[in-house]
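Asker: Input: one structure, supplied below.
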2 protein chains.
Amino acid sequence: MPRADPLSSTFAALADPTRRAMLARLALGEMNVNELAKPFKMTGPAISKHLKVLERAGLITRGRAAQRRPCQLAPAGLKGVDDWLADYRRLWAERLDRLDDYLSALQAKPGQAKPGKVAAPQVPKPPRSTKG
Amino acid sequence: MPRADPLSSTFAALADPTRRAMLARLALGEMNVNELAKPFKMTGPAISKHLKVLERAGLITRGRAAQRRPCQLAPAGLKGVDDWLADYRRLWAERLDRLDDYLSALQAKPGQAKPGKVAAPQVPKPPRSTKG
DNA sequence: CGCCTATCTAACCATACGGTTATATAACCT
DNA sequence: AGGTTATATAACCGTATGGTTAGATAGGCG
């Protein structure tokens, strides 16, 4: 029902470790739902819903063989993600390079590292103490 | 407090067109919240929540300059997505190639090729990780 | 100091999501 | 036909998400 744009649907589908694990299994080759579901500790309906999400996201396709629904990876969905990423790849590559430069400079001169190249060192620093 | 793994948080953050548009704007350079928010038809708190999601996903960092909180892209988050994708990139490239081959063959020899499926997903190496 | 700008938090609401159990559909097998 | 296997749907539940309005917090400025 949410009827999101395709890229949003794809990212949403990937935002669940169970579904990513399903894709990893399908990378081994086409398989039926039961076989796919084997490693997961959840009931059939949950599996079925995950598969529907993956299918609507363009990440898998399902065929029919008797009562089985063989699932296989669909390349198009991940390709869409990759295409979206392409615009940013150069950008973060540049900035990671500069971060590397900065960290190297830090190691070379631990006393007073003054970057100037990078805007700020900003290492993962979770929420500050705004809340009192 | 969903406490999801980092990759799930990142994909979830990307599964919203407003947040992707924010990243696109930040690709132009660091900017303050108000400036970032200008194109979006929603109230401040909604913007603030989106930024928090992006920050916790490792996609942006926020500094401080007086009462402003300048936001900038963080390369690490998208790098994580790209690394995850890397395992699949070869896979779909192969399969898209085989689709191309198949379509070329169809054009070259029409009428003879009538397989039920384009290509069997015979994949030499699965992705390394099923989670995270 | 008091005011203004910029931004975040709190509380709330509607809807979506991920799971469950119970039931339905579809196809195969005697 | 009746039974079994494989999978999907329906109805429901608790929590998460994306938005709102109202108020809080932080810092510059008259």
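Asker: What are the residues in the stretch B:1-35 that are in contact with a strand residue (DSSP E or B) (Cβ under 7 Å, 6 or more places away or on another chain) and either within 8 Å of another protein chain (Cβ to nearest Cβ) or crowded, with 19+ Cβ neighbours inside 10 Å (or both), if any?
Answerer: Of everything in the stretch B:1-35, those that are in contact with a strand residue (DSSP E or B) (Cβ under 7 Å, 6 or more places away or on another chain) and either within 8 Å of another protein chain (Cβ to nearest Cβ) or crowded, with 19+ Cβ neighbours inside 10 Å (or both) turn out to be B:LEU23, B:LEU26, B:ALA27, B:GLU30.
Asker: Looking at the stretch B:79-91, which of its residues are free of Cβ contacts under 8 Å to residues at least 60 places away in the same chain and either within 8 Å of another protein chain (Cβ to nearest Cβ) or touching a strand residue (DSSP E or B) at 6+ places or on another chain (Cβ under 6 Å) (or both)?
Answerer: Within the stretch B:79-91, B:LYS79, B:ASP82, B:LEU85, B:ASP87, B:TYR88, B:ARG89, B:LEU91 meet the criteria.
Asker: Only one residue in B:ALA76, B:ALA93, B:ALA24 is modelled with pLDDT of 95 or more and not in a loop (DSSP other than H, G, I, E, B). Which one?
Answerer: Checking each option against the conditions leaves just B:ALA24.
Asker: Among the residues of the stretch B:36-56, which ones are surrounded by 14 or more Cβ atoms within 10 Å (Cβ to Cβ) and either in a helix (DSSP H, G or I) or within 7 Å of DNA strand C (Cβ to nearest atom) (or both)?
Answerer: B:LEU36, B:ALA37, B:ILE47, B:HIS50, B:LEU51, B:LYS52, B:VAL53, B:LEU54, B:GLU55, B:ARG56
Asker: Regarding A:MET42, is this residue more than 10 Å from DNA strand D (Cβ to nearest atom), free of Cβ contacts under 8 Å to residues at least 60 places away in the same chain and away from every other protein chain (no Cβ under 13 Å)?
Answerer: In short, yes.
Asker: Let me ask something else. Which of the numbered conditions does B:THR61 fail, given that it passes all the others? Conditions: (1) within 18 Å of A:TRP84 (Cβ to Cβ); (2) away from DNA strand D (no atom under 14 Å from the Cβ).
Answerer: With (1) within 18 Å of A:TRP84 (Cβ to Cβ); (2) away from DNA strand D (no atom under 14 Å from the Cβ) applied to B:THR61, the lone miss is (1).
Asker: Determine if the stretch A:113-125 includes at least one residue that is within 16 Å of DNA strand C (Cβ to nearest atom), basic (Lys, Arg) and either at pLDDT below 95 or under 23 Å from the mean Cα position of the chain (by Cα) (or both).
Answerer: There is at least one residue in the stretch A:113-125 that is within 16 Å of DNA strand C (Cβ to nearest atom), basic (Lys, Arg) and either at pLDDT below 95 or under 23 Å from the mean Cα position of the chain (by Cα) (or both).
The values are calculated or read from the model by the stated rules, or taken from the named source; none is laboratory data. Just so you know, these numbers come straight off a predicted model, no measurement behind them. A quick note on method: Cβ atoms are made from the backbone with ideal geometry, for glycine too, and the neighbour counts reach across all protein chains shown.
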